[in-house]
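Q: I have a structure here, written as structure tokens, and I will follow up with some questions on it.
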Amino acid sequence: MHHCPGQFVLHIAAGPLILANTTEGGDPMPDPTLIKDAQDFFTSLARDNTKAWWSAHKETYDARIKAPALDLIAAMTPRLATGSGHPVAGKLFRPHRDVRFSKDKTPYNTHLHMMWTFAASGRQDPVFFFGIAPEHVTVGAGVTGFDKPVLEDWRRMVDLDQIRIGTLMATSSAAGFMFREPELKRVPAPYPADHPLADLLRSKGLVVRKDLGGTGDLADRLMAEFAAALPVLRMLDSIL
């Protein structure tokens, strides 16, 4: 989806319903203790990451982690979709790890991870995400990996629009957002090794994330942080 640089048109409509607990009126009720409950649960799991421990505590996971997480996804989805024309889909990641090609054979992830994908009719769809681990609680947004044509357009834009993009990156950093480490060791040709935005040229995607702070309603806090990440998504939208 191409637009003029700086123009961000993200149309989101309510996507497929996610089954979750609801109030008597049908509205999802996110659990205010989800963060604490998840951190406590995954801290214990990290000490004994075995099938036996998981089987003994699966009912706790289903009731105190999975169900409230689905409620949060269901509560956030229509808020992200308000006044829009394209679908947004929420996803809760499975707790089971794929250990087929990993030296680490522990069977379960020790964190909770969910995301919302915006089908904005472009070449790739940006996402918002939220994660809870024993040591941190994180929110973020972006595209984890650009397809080859998008990656080429990304590098051209970084090179041609250095001032705007550099300013945006500095502003995002000042707001507390962190950027993923570049995947490439060297700046790709034909760009110079000392390019002012070398780190962005060495990146195969763009994701910003920050620790979630504050108190109060979790959905409200997430919406505030996701809104703060929108300038980065506006910039990405010009190449998607």
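Q: What number of residues within region 84-123 satisfy the criterion of being part of a loop (DSSP other than H, G, I, E, B) and touching a strand residue (DSSP E or B) at 6+ places or on another chain (Cβ under 9 Å)?
A: Counting residues in region 84-123 that are part of a loop (DSSP other than H, G, I, E, B) and touching a strand residue (DSSP E or B) at 6+ places or on another chain (Cβ under 9 Å) gives 10.
Q: Turning to a different aspect of this structure: I'm trying to understand the selection: among the residues of region 101-138, which are closer than 17 Å to Ala74 by Cα, in contact with a Phe, Trp or Tyr (Cβ under 6 Å, 6 or more places away or on another chain) and surrounded by 20 or more Cβ atoms within 10 Å (Cβ to Cβ)?
A: Matches in region 101-138: Trp116, Phe128.
Q: Okay, next question. Is one or more of the residues making up region 49-56 modelled with pLDDT of 95 or more, part of a loop (DSSP other than H, G, I, E, B) and touching a strand residue (DSSP E or B) at 6+ places or on another chain (Cβ under 9 Å)?
A: The first filter runs over region 49-56 and keeps only residues modelled with pLDDT of 95 or more, leaving 49-56.
Now narrow it down to the ones that are part of a loop (DSSP other than H, G, I, E, B): 49-50.
Remaining after also requiring touching a strand residue (DSSP E or B) at 6+ places or on another chain (Cβ under 9 Å): 49-50.
Checking region 49-56: at least one residue is modelled with pLDDT of 95 or more, part of a loop (DSSP other than H, G, I, E, B) and touching a strand residue (DSSP E or B) at 6+ places or on another chain (Cβ under 9 Å).
Q: Taking Asp211 as meeting all but one of (1) surrounded by fewer than 17 Cβ atoms within 10 Å (Cβ to Cβ); (2) farther than 30 Å from Ser44 by Cβ, write down the number of the exception.
A: Answer for Asp211: the failing condition is (2).
Q: List every residue pair whose Cβ atoms lie under 9 Å apart, where the two residues are 6 or more positions apart in sequence or sit on different chains, the first residue falls within region 139-168 and is crowded, with 18+ Cβ neighbours inside 10 Å, and the second residue, located anywhere, is of a type in the set (Lys, Arg) and part of a helix (DSSP H, G or I).
A: Between residues of region 139-168 that are crowded, with 18+ Cβ neighbours inside 10 Å and residues that are of a type in the set (Lys, Arg) and part of a helix (DSSP H, G or I), the close pairs are Val139/Arg221.
Q: Given Thr117, Thr106, which one is under 21 Å from Ser238 (Cβ atoms), β-branched (Val, Ile, Thr) and free of Cβ contacts under 8 Å to residues at least 60 places away in the same chain?
A: Sole residue among the options that is under 21 Å from Ser238 (Cβ atoms), β-branched (Val, Ile, Thr) and free of Cβ contacts under 8 Å to residues at least 60 places away in the same chain: Thr117.
The values are calculated or read from the model by the stated rules, or taken from the named source; none is laboratory data. Fair warning: this is a prediction, and the values are worked out from it, not measured in the lab. When we count neighbours, we look across all protein chains shown, and the Cβ atoms used for this are built from the backbone with ideal geometry, even at glycine.
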